[in-house]
Amino acid sequence: MQNRKERLRMLIEEYWRNDIPVAIERDIDIDLSSRFIVDIVGPRRAGKTYLMYLTIRKLLEEGVSKKNTIYINFERRILYPLTPEYFNDLVEIIYEEGIEGKIYLFLDEVQRVNEWEKFVRSIYDEFGSRIKIFVSGSTSKLTSSAMSTLLTGRHITRIVLPLSFREFLRFRNYEVPEVPVESDIVKIKKLLNEYIEYGGFPEVVLMKRKEEYIETLFQDIVLRDVAPRVNNPLVLEDLAYFLTSIAGKLLSFSKLVRLLKARGIKISVPTLEKYFYFLKDAFLFFDTRIYSYRIRDQLQYPRKIYCVDTGFVNYFGFKFSEDRGRMLENLVALELLRRGKKIFYWKDQRGREVDFVVVKGSKVDELIQVSYDVSDPDTLKREVDAIQIASAELKCKKKTVITWDYEENGEIRFVPLWKWLLERYAVKH
């Protein structure tokens, strides 16, 4: 039987010998010039491994030798049982191979190895600028406080989420014209409907039997990434399904506890909150707090819940046709997260609400309202009144209402969803 180091060497030799899998380009920038460790995090199957392949291909195109790149997937069975000693073996192999020049080290699903951060820091410190390290994982453990303490000033984070709409169109081989005409817009909206219905996980986009894979993927995230961390997996699973059904709504943990109790399920508020944080840790859900200058308000008021993929919401929560406005709001929230925006919601004592308060630094940068259809005068008045009152209170002049197809430029900008989703890339592409 091969010893540990021989197994690792075999894996590295296999990587050097084989071709890099072909991957479709993503709109995620990876800085290759800095010395910082790059941690690539996000939900299972969102494309972290293929982002590593894209990065390796870019390096090879720039003239870097294949042998100066090392890719290790810690989910490969050949490496089991996983042990931190693999990192010492790796350093020995690098020295034994006599690799000259800069080395690019890709450690996929590295969080599966206990105390990985200590050893990665040791490699980083030992090799200095001669090595560039990339690590990836399916939970936010990679950006946890323990890692932040050990790697302070040594790492930057890139979050890989399901495909953006622009990326989705690229995966579907559709190129958006520079100036779309009416027939183009009809095509784009048809594809947008598909994107909303099935979501943006790359494999879902590329396969035919989408529903079956969506179900398997959701259960894998809940049962494989989260369930081993809790005492009651059945309650966790119920919670995950429930959260998809309230995407875009406010969540009160105390109300949810009472709801579960009525169904014969006993669980405390702290335990339920802990389960929710585990689901957040696996990037399945995220939330926003009320915008307030008082921390007490932010802690006291309910959170607004969103899901990482509209395909999950459509399959397990509610259909797009049942609540188009809420589905659009979830999609906008996800895109704002993808753009790295810091977001809150706003609500006053009379119940008037603005979906997104975008904060930049210490100031409110933009107010965004999401409304599928504003053709009804009462709906239009409700949305406009809320955003105008919030604008005056928060001293923010930039006001946007995202709709399905209504467009108007004025004091408040009304913009169709498809155009808003694509405009971030207008200059780049």
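Filter the stretch 368-427 down to the residues that are buried (at least 19 other Cβ atoms within 10 Å of the Cβ), among the small types (Gly, Ala, Ser) and part of a loop (DSSP other than H, G, I, E, B) and list them by number.
SER371 - this is the single residue of the stretch 368-427 that is buried (at least 19 other Cβ atoms within 10 Å of the Cβ), among the small types (Gly, Ala, Ser) and part of a loop (DSSP other than H, G, I, E, B).
Would you be able to tell me the number of residues in the stretch 240-292 that are farther than 25 Å from ALA46 by Cβ and of a type outside the set (D, E, K, R)?
The number of residues fulfilling the criteria is 20.
Is there a residue being of a type in the set (D, E, K, R), under 21 Å from the mean Cα position of the chain (by Cα) and more than 27 Å from ARG324 (Cα to Cα) anywhere in the stretch 253-274? Please lay out each step first, then the result.
If we filter the stretch 253-274 for residues that are of a type in the set (D, E, K, R), which is where we start, we get 255, 258, 261, 263, 266, 273-274.
Now narrow it down to the ones that are under 21 Å from the mean Cα position of the chain (by Cα): 273-274.
Of the ones still in play, those that are also more than 27 Å from ARG324 (Cα to Cα) are 273-274.
Yes - at least one qualifying residue is present in the stretch 253-274.
Condition first: in a loop (DSSP other than H, G, I, E, B) and in contact (Cβ under 8 Å) with a residue 12 or more places away in the chain. Now tell me which residues in the stretch 67-99 satisfy that.
Passing the criteria: PHE74, GLU75, ARG76, LEU82, THR83, PRO84, ILE99.
Return yes or no: is ARG209 more than 21 Å from the chain's Cα centre (by Cα) and assigned by TED's automatic domain parsing to the domain that holds VAL22?
No, not satisfied.
Given the structure, is ASP27 under 19 Å from the mean Cα position of the chain (by Cα), surrounded by 13 or more Cβ atoms within 10 Å (Cβ to Cβ) and among the acidic types (Asp, Glu)?
Yes; evaluated as a whole, the condition is true for this residue.
If you check GLU407 against the conditions, is it in the same structural domain as GLU194 (by TED's automatic domain parsing), modelled with pLDDT of 95 or more and within 26 Å of PRO180 (Cβ to Cβ)?
Taking the combined requirement at face value, the residue satisfies it.
Only residues that are of a type in the set (Ser, Thr, Tyr) and either crowded, with 19+ Cβ neighbours inside 10 Å or outside the structural domain of GLN219 (by TED's automatic domain parsing) (or both): list them for the stretch 276-298, please.
THR288, TYR291
Every residue in the stretch 41-66 that is touching a Ser or Thr at 6+ places or on another chain (Cβ under 9 Å) and either outside any helix (DSSP H, G or I) or at pLDDT below 95 (or both), please.
VAL41, GLY42, PRO43, ARG44, ARG45, ALA46
Search the stretch 73-103 for residues being under 23 Å from the mean Cα position of the chain (by Cα) and either hydrophobic (A, V, I, L, M, F, W, C) or surrounded by 17 or more Cβ atoms within 10 Å (Cβ to Cβ) (or both), and hand back the single one that is farthest from SER34 (Cα to Cα).
Once the filter is applied, the top-ranked residue is PHE74.
Name the single residue, out of those in the stretch 172-198 being among the acidic types (Asp, Glu) and either in contact with an Asp or Glu (Cβ under 9 Å, 6 or more places away or on another chain) or in a helix (DSSP H, G or I) (or both), that is nearest to GLU329 (Cα to Cα).
GLU197
For the stretch 234-253, name all the residues that are within 27 Å of LEU331 (Cα to Cα) and either loosely packed, with under 13 Cβ neighbours inside 10 Å or among the basic types (Lys, Arg) (or both).
LYS249
Within the bounds of the stretch 336-349, is there any residue that is in a helix (DSSP H, G or I) and either over 15 Å from the mean Cα position of the chain (by Cα) or under 25 Å from GLN388 (Cα atoms) (or both)?
Checked against the condition, which is being in a helix (DSSP H, G or I) and either over 15 Å from the mean Cα position of the chain (by Cα) or under 25 Å from GLN388 (Cα atoms) (or both), the stretch 336-349 yields at least one hit.
Looking at LYS381, LYS304, can you tell me which residue is modelled with pLDDT of 95 or more, charged (D, E, K, R) and touching a Leu at 6+ places or on another chain (Cβ under 9 Å)? Give the derivation first.
Numbers: LYS381 fails: touching a Leu at 6+ places or on another chain (Cβ under 9 Å).
Testing whether each residue is modelled with pLDDT of 95 or more, charged (D, E, K, R) and touching a Leu at 6+ places or on another chain (Cβ under 9 Å) leaves just LYS304.
Out of GLU329, GLU322, GLU353, GLU273, which single residue is assigned by TED's automatic domain parsing to the domain that holds LEU223 and either crowded, with 22+ Cβ neighbours inside 10 Å or touching a residue at least 40 places away in the same chain (Cβ under 8 Å) (or both)?
That would be GLU329, the only listed residue that is assigned by TED's automatic domain parsing to the domain that holds LEU223 and either crowded, with 22+ Cβ neighbours inside 10 Å or touching a residue at least 40 places away in the same chain (Cβ under 8 Å) (or both).
Inside the stretch 356-376, can you point out the residues that are farther than 16 Å from ASP405 by Cα and of a type outside the set (A, V, I, L, M)?
Scanning the stretch 356-376 gives PHE356, LYS360, GLY361, SER362, LYS363, ASP365, GLU366.
Scan the stretch 260-270 for residues that are farther than 20 Å from GLY317 by Cα and either touching a Ser or Thr at 6+ places or on another chain (Cβ under 9 Å) or free of Cβ contacts under 8 Å to residues at least 24 places away in the same chain (or both) and jot them down.
Scanning the stretch 260-270 gives LYS261, ALA262, GLY264, LYS266, SER268, VAL269, PRO270.
Would you confirm, using the coordinates I've provided, whether PHE106 is at pLDDT 95 or above, buried (at least 19 other Cβ atoms within 10 Å of the Cβ), over 27 Å from TRP16 (Cβ atoms) and of a type outside the set (Ser, Thr, Tyr)?
Values: at pLDDT 95 or above: yes; buried (at least 19 other Cβ atoms within 10 Å of the Cβ): yes; over 27 Å from TRP16 (Cβ atoms): no; of a type outside the set (Ser, Thr, Tyr): yes.
No, not satisfied.
The values are calculated or read from the model by the stated rules, or taken from the named source; none is laboratory data. These numbers come from a predicted model, not from an experiment. For neighbour counting, all protein chains shown are included, and Cβ atoms are generated from backbone atoms with ideal geometry for every residue, glycine included.
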